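Since the structure comes first, as structure tokens, the remarks are kept for the end.
FYI, it's all coordinate maths here, none of it is from the lab. Owing to the predicted nature of the structure, the values given are computational and were not obtained by experimental measurement. All Cβ positions, even for glycine, are placed from backbone atoms using ideal geometry, and neighbour counts span all protein chains on display.
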Amino acid sequence: MTDWQELEKKYFMRTFKRMPLTLVRGQGARVWDDKGREYLDFTAGWAVNSLGHCHPAVVNAVTEQAKTLIQASNQFYTIPQIQLAQLLVENSCFDRAFFGNSGVEATEGAVKLARKYGKLHLGGAYEVITAFNSFHGRTLAMTAATGQRKFQEPYQPVPDGFVNVDYDSLSAVEKATTSRVCAVMLEPVQGEGGVNVPRDGYLKEVRAWCDERGILLILDEVQTGIGRIGTLFGYQQFGIEPDIITLGKGIGGGVPLGAFLAREKASVFAPGEHGSTFGGNPLACAAGYATVKFILDNNIPEKVRLTGAYLVAELEKLRAKYSFIVDVRGRGLLVAVQFDRDLSDKVVMSCLSSGLLLNPVKPNAIRFMPPLTITRGEVDEAIGILDAALAGASKEREGQR
Ligand SMILES: Cc1ncc(COP(=O)(O)O)c(C=O)c1O
């Protein structure tokens, strides 16, 4: 049998800290490895497989579109991208859409749009305020936007034009707002930063501040958007309307797709000022349309709220049982459990050996981001496996005392 992991070590860049698992197949919330072993997947391709693996709605849309037209370029009109743009605009506060292939293309594009706005309306203001612990992607500019030194350090100097401030603090945003600032870009809930939910009122206060100063508010909803936190878009839970929103991850149901949407006043690109060869291609947009339509038609966001609340309640029971769990937090099906020390790798590896895939989002926190279609029964199964892993960690801890 081919040892794929050895071949990867030989041929692939040393970029990823992978788990010792080679996945070959997926269906719903389950995946199978190359040895035929089954796993319950609470990572969902990093919050991407919103309808689970190989959902028929996505598979059918991709299959049909692959037989019809895969790529044509933006030199021409193509129907799936127009249909998807209409669907997103008609179900949001935005007026226009642009499609790329990933989350980072969405955030990068949104920042370009804000800079253009600054040039037109704010005397050339170009800086964007972002938060510490945020994550906005891996291009050079977005590592600068991302308020985590570890992503910037290897590539110094990173492009200027970004000011990182404390998350969840209006005064930090206020202090950083100079005449050079054209926008504030925030995640409504920080995903990669460890699932950090801001206090009620934070986003409303920032919205009011942006309005007062005439600067734009960009919400990076690459992770929180498309149902993940229990509404089609995360902003809908916070009583605000941003000027620009970025989307990625779950929007294509597993197929690479990113987008940014903007209100008319912020839709300031002129022809030729932004573009993409593959962005908005018919194949990805057909997948995106099928995914978003399914989510809307089947009221998936409400299911996410209910199943997410159930997951949190079950995790709270584990917190009551294990004193080393110090926090359970999240919204919808973007949830994290925090430990009082760096237990994540141990717990995640133990769950893996019992057939559950989890994400160690921080050395001391694990993240749950299952398909939005996960059932209570599957949550129960995951909780059972996690409980056993935590019992093991607890015993080990007792042994060390
Ligand atoms: C909030 C947020 N923005 C942007 C990105 C970058 O997306 P991608 O990895 O698709 O480029 C991510 C990825 O985790 C994200 O969580």
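Kindly write out, for the range 374-390 in residue order, the coupling ³J(HN,Hα) from the Karplus curve 6.51 cos²θ - 1.76 cosθ + 1.60 (θ = phi - 60°), rounded to whole Hz, with x marking Gly and Pro.
Working through the residues one at a time gives 4, 9, 4, x, 5, 4, 4, 4, 5, 4, x, 5, 5, 4, 5, 5, 5 Hz.
Based on the alpha-carbon gyration tensor of the range 278-337, what equivalent-ellipsoid semi-axes (square roots of 5 times the eigenvalues) come out, in whole Å, largest first?
On the way: eigenvalues 243, 40, 7 Å².
Semi-axes (√(5λ), whole Å): 35, 14, 6.
For the range 309-401, compute Rh as the Kirkwood radius over C-alpha pairs and then the Stokes-Einstein diffusion coefficient at 25 °C and 0.890 mPa s; write the answer in µm²/s, rounded to an integer.
187
Principal axis extents for the chain, Cα atoms only, whole Å, descending order, please.
64, 53, 44
How much mean residue ellipticity at 222 nm does the chain get from its helices, if each DSSP H run of length 4 or more adds -39500 (n - 2.57) and you divide by all residues, to the nearest 500 deg cm²/dmol?
-12500 deg cm²/dmol
Return a whole-number percent for the relative contact order of the range 307-401, with Cα pairs under 8 Å and 6 or more residues apart as the contact set.
After rounding, I find 26 percent.
Viscosity 1.306 mPa s, temperature 10 °C: give me the Stokes-Einstein translational D for the range 169-269 in µm²/s, with Rh taken as the Kirkwood radius over C-alpha pairs.
In µm²/s, the coefficient rounds to 112.
Any lysines with Cα under 21 Å of the residue 112 Cα? List them, leaving off those in the same chain fewer than 8 positions away.
Qualifying lysines at Cα under 21 Å: 249, 265.
Below 16 Å, Cα to Cα, which aspartates and glutamates can residue 346 reach? Residues fewer than 8 away in the same chain don't count.
Hits, sequence-local ones excluded: 387, 396, 398.
Where in the range 165-263 are there trypsin sites (Lys or Arg not before Pro) that are in a DSSP coil and have at most 13 other Cβ atoms within 10 angstrom of their Cβ?
199
Could you give me the ³J(HN,Hα) list for the range 79-86, computed from phi with Karplus coefficients 6.51, -1.76, 1.60 and θ = phi - 60°, whole Hz, x at Gly and Pro?
With coefficients 6.51, -1.76 and 1.60, one gets 6, x, 5, 6, 5, 5, 4, 4 Hz.
The range 327-401 to the range 274-299: how many Å between their Cα centroids?
32
Can you give me the long-range amide H partners of residue 25? Hydrogens built in the peptide plane at 1.01 Å from N, cutoff under 5 Å, separation of 5 or more residues or another chain.
Placed amide hydrogens put 32 under 5 Å from residue 25.
Using mean Cβ contacts within 10 Å as the protection proxy, how do 40-52, 305-317, 333-345 order, highest first?
40-52, 333-345, 305-317
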